[in-house]
Amino acid sequence: MEPQRKRLKTSDLDLDSWDPVAVLSDQLCTDVELVQALAAPVLDHRQTSRAVQELRQMHPLRGLAHLKRVRRTGAGSAHALEVLVRPLHEPSDYDYSRLGLGDLFVVTVPSTAPLTRPQFDTASAHWPTSFHEDKMASAALRGELFPAGQKEKMHRYMSLAVEAAKDGQKLGLDAIGAVMVDPDSEQVIATAHDCRRKHPLHHAAMVCIDLVAKSQGGGRYGYEEFSGCGFSASHWSAVQPYLCTGYDLYVTREPCVLCAMALLHSRVRRVFYGTAAADGALGSTFKLHAQRDLNHRFEVFKDVCVGLCRELDQSRSL
Amino acid sequence: MDKAFDMAKDALENGEVPVGCLLVYNDDIIGKGRNEVNQTKNATRHAELVALDELRDWCEVRNVEVKTVCERTVLYVTVEPCIMCAAALRLFNIPVVVYGCNNDRFGGCGSVLDISSADLPQTGTMFKCVAGHRAEEAVEMLKTFYKQENPNAPNPKTRKQ
Ligand SMILES: [Zn+2]
Ligand SMILES: [Zn+2]
């Protein structure tokens, strides 16, 4: 049942024309939001720790726990330290000079904790803040997510998806292809093309999911009439994975809501796609893989072999 | 709706998430389904998708167009369709969905996302929802299931991340 594929020569690999782009949650890729607050210079150094203690009691800075209470001023300033006193609109008629502080002034501070290095750099320029870095997101933003050689593998798998798409196209089907890969054993578990003209729900990713089930002794449909759709049982581990746990999907076009949620239900590990789709649910209309309240999250990368995939999309509309 | 609950009970007795549904066209049941994820090892085999396959078979036998039938078909389901099933119902052009309780984990008709009325021009047609029919009963069944916990799912406590 394993689909036969010709090995690609290195000369076929056009690795310089694309780079995988991480599709991050809005939280990770938006700019730092700012709010206004009141700060004051520390005039009497010896009172600093008492002043901080008193301010913590008086103005606990709810929702701004990531902010440091004290900051050092630059050289040339008349005073060495400044403290964050309270949010701008919190009323108080307390005389802060009793804590050794000078006149209040308005500062802009980051309203949420930064998650990535760029967010941290922006946030710190306004006011010092704590930082628990999302390492994956930071690396993704630097374009350093994958070790050398990984791109060749991505290219190899995506090329299989492109081949499958062409097989489907020859049968008058939509030119969309997908492969499910076990990244640990580097084994291709399932290869599929779009069959929605035969069944409204048989999008390439949906077919792939059912073929993985078949590789595990389950599955619901037969795809014998489609030579471009096939599977091979995992020979890596004695224990079968639960659904698609640990597997990566390569798909030429961004999955729609149906497919994206099906991949989430299947506990897929990562999704790599080529071109974005108008109704796509992994970046374009929704980011289901990073949706709050859902019980599984996975990583998504777009623009993989984007040139090859775009050619497929364009050939489809002819 | 009684029949949908019978389907859900059958799912529960077979170790599946207890959701059952019916597709009704001109007072005829032309598709029924219950969750069969564990049986098929395919996480997309939710009751709704199983029933839609029966509907296709029904149409094929009678040589009628699926789309024409779907446009006049109502889905009755014990639990709010999930995000995936809501998209599937759009792709099949089902106009009305009657359901029992909300689906707080995956709901696609407002609980997590509202796919039923989202602006997705390439994902079929929007549908109308009628919620709350025998909701408490449906919730009780789900609670019973999650208390037993899914024997095929890995234990979240021992799963390494
Ligand atoms: Zn799809
Ligand atoms: Zn569902």
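No lab work stands behind these numbers, since they all come straight from the coordinates. Because the structure is a prediction, the values reported are computed rather than measured.
Mean residue ellipticity at 222 nm from the helices of chain B, using -39,500 (n - 2.57) per DSSP H segment of n ≥ 4 over the full residue count, to the nearest 500 deg cm²/dmol? Write down the numbers at each step before the final one.
Values: 6 runs with 60 residues, N = 161.
About -11000 deg cm²/dmol.
Once you treat every alpha carbon in the stretch A:88-127 as an equal point and sum by Debye, what is log10 I(q)/I(0) at q = 0.35 Å⁻¹?
-1.18
Test of understanding: express the Cα radius of gyration of the stretch B:2-146 as a ratio to 2.2 N^0.38 Å, with N the residue count. Don't skip to the answer; put the middle values down first.
Numbers: Rg = 14.1 Å, N = 145, 2.2 N^0.38 = 14.6 Å.
Dividing the Cα radius of gyration by 2.2 N^0.38 Å gives 0.97.
Which three numbers, in whole Å and largest first, are the semi-axes of the equivalent ellipsoid of the stretch A:116-259 derived from its Cα gyration tensor as √(5λ)?
Working: eigenvalues 258, 65, 42 Å².
Whole-Å semi-axes of the equivalent ellipsoid: 36, 18, 15.
For the pairs A:K153/A:K198; A:K170/B:K32; A:K214/A:K302; A:K68/A:K151; A:K153/B:K67; A:K170/A:K287, flag any whose C-alpha to C-alpha distance is greater than 30 Å.
Working: A:K153/A:K198 32 Å; A:K170/B:K32 35 Å; A:K214/A:K302 28 Å; A:K68/A:K151 41 Å; A:K153/B:K67 42 Å; A:K170/A:K287 32 Å.
Over 30 Å Cα-Cα: A:K153/A:K198; A:K170/B:K32; A:K68/A:K151; A:K153/B:K67; A:K170/A:K287.
Counting DSSP beta bridges in the protein assembly as shown, what percent are antiparallel, to the nearest 5? Write out the running numbers ahead of the final one.
Values: 44 of 61 bridges.
Around 70 percent antiparallel, to the nearest 5.
Quick check on the stretch B:1-146: of the DSSP beta bridges with both residues there, what percent are antiparallel, nearest 5%? Each step should come with its number before you reach the end.
Details: 13 of 22 bridges.
Approximately 60 percent, going by the DSSP bridge assignments.
Over the residues of the protein assembly as shown, compute the C-alpha Rg and express it relative to 2.2 N^0.38 Å.
Working: Rg = 27.3 Å, N = 479, 2.2 N^0.38 = 23.0 Å.
Relative to the rule-of-thumb radius for its length, the protein assembly as shown sits at 1.19.
On the principal axes of its Cα set, how long, how wide and how thick is the stretch A:62-151? Give whole Å, largest value first.
63, 32, 16
Distance from the Cα centre of the stretch A:20-80 to that of the stretch B:112-134, in angstrom?
44
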